[in-house]
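Report on the structure given below.
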Amino acid sequence: MSSWARKFIGFSLLALGVLGLVLPILQGVLFLALGLFVLRDQYPWARRWMGKLEARFPRMMVRVETMEARLISWSRRQGEKVRRLLS
């Protein structure tokens, strides 16, 4: 995923998180955490906040990182399948 796309998705999730803090139909904290997770490699402030979340919820962060690794490997496999189909 390109850097600008990652930033766009991360900031969109952060915006949804802020909206979710005031609107009862959105889970604000969840979207804020996802936005920080996406932006953690791009910005030092996001990395610091992720460190605070990891200190508070260590088991949950391990599960999220495991899920991220599975999703990345799945998307790579799907890309290889598409390339084989198109060649």
Members of region 20-40 that are touching a residue at least 12 places away in the same chain (Cβ under 8 Å) and either outside the structural domain of R6 (by TED's automatic domain parsing) or surrounded by fewer than 16 Cβ atoms within 10 Å (Cβ to Cβ) (or both) = V29, L30
ask   = Within region 30-48, can you find the residues that are under 13 Å from the mean Cα position of the chain (by Cα) and of a type in the set (A, V, I, L, M, F, W, C)?
value = L30, F31, L32, A33, L34, L36, F37, V38, L39, A46
message = Could you tell me how many of the residues in region 49-64 are part of a helix (DSSP H, G or I) and surrounded by 12 or more Cβ atoms within 10 Å (Cβ to Cβ)?
response = 8
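The values are calculated or read from the model by the stated rules, or taken from the named source; none is laboratory data. This structure is a prediction, so every number in the text was calculated from the model and none was measured. FYI the Cβ positions are ideal-geometry reconstructions off the backbone, even for glycines, and counts take in every protein chain you see.
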